[in-house]
Amino acid sequence: MRVLLLNATHEPLAVVTGRRALVLLLAGKAESVADRDTAAPMRSPTLVLAVPAVVRLNRFVRVPYHRATSVTRSGVLRRDRRICAYCGGRADTIDHVQPRSRGGAHSWENCVACCVRCNSRKADRLLSELGWTLPFVPAPPVRAGNGRVWLTDDTDPAWDPWLAGAA
């Protein structure tokens, strides 16, 4: 179970586990802002606690400068929702649109999710040589909260009021 963690100023900081959110609540370091209706409560020998959807820290946390996100295989697959950029099938790997052997960079703008079949068919050729086109322009992932929280399609609807203001 995932919980949105907000700074004292209601800015999104991170997505934490339900267990971590409950520890913050029990330690008095955070307060519940939005409750979750459908979740099963967590139980201990003496307590039964409902896991919240959103918690807010009681004290402001200064977040240091956040450098740009590195390009990783899992990051590209997550950004592209594991959909092959060439055929629309399930993507298992990544491909450089302009091959590195031809001067292409290892960057968010040059990497796309790709299935193994399309990756081997493309090899080290350019899209123009194959007559292929991309259905979208690759870009860095969309982030909220000063670049701290990835926005994906699997976010909890209870988070919308905080993520909409941060985007």
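The values are calculated or read from the model by the stated rules, or taken from the named source; none is laboratory data. Small disclaimer: the values here were computed from a predicted structure and weren't measured. FYI the Cβ positions are ideal-geometry reconstructions off the backbone, even for glycines, and counts take in every protein chain you see. To get the accessible areas, we keep the full protein, side chains included, count just its heavy atoms, and leave off ligands, DNA and RNA. Shrake-Rupley method; radii C 1.70, N 1.55, O 1.52, S 1.80 Å.
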(message) When a/c reaches 1.5 or more, the comparison of a/b and b/c decides; with that in mind, is the stretch 1-98 rounded, prolate or oblate per its Cα gyration tensor?
(response) oblate
(message) I'd like the FRET efficiency for ASP92 and ALA123, computed as 1/(1 + (r/R0)^6) with the beta carbon distance as r and R0 of 22 Å, rounded to 0.05.
(response) 0.85
(request) State the percentage of accessible surface on the chain attributable to carbon and sulfur atoms; use a 1.4 Å probe and exclude ligands, DNA and RNA. (result) 54
(message) Through the Karplus equation 6.51 cos²θ - 1.76 cosθ + 1.60, θ set to phi - 60°, convert the phi angles of the stretch 6-21 into ³J(HN,Hα) values in whole Hz; use x for Gly and Pro.
(response) 9, 6, 4, 8, 6, 8, x, 9, 6, 10, 10, 6, x, 5, 5, 4
(message) Suppose each label sits 7 Å from its Cα in the direction of the beta carbon; what would the ALA50-VAL23 distance come out to in nanometres?
(response) 2.4
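Out of all DSSP beta bridges with both ends in the chain, state the antiparallel percent to the nearest 5. Don't skip to the end; give the middle numbers.
Numbers: 19 of 22 bridges.
The antiparallel fraction comes to roughly 85 percent.
Which FRET efficiency value, to the nearest 0.05, do you get for SER74 and LEU130 by plugging their Cβ-Cβ distance into 1/(1 + (r/R0)^6) with R0 = 30 Å? Before the final figure, lay out each step's value.
On the way: r = 27 Å, r/R0 = 0.89.
So the FRET efficiency works out to roughly 0.70.
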(message) Name the residue from VAL116, PRO52, THR9 whose Cα lies farthest towards the positive end of the charge dipole of the chain, charges +1 on Cβ of Lys and Arg and -1 on Cβ of Asp and Glu.
(response) VAL116
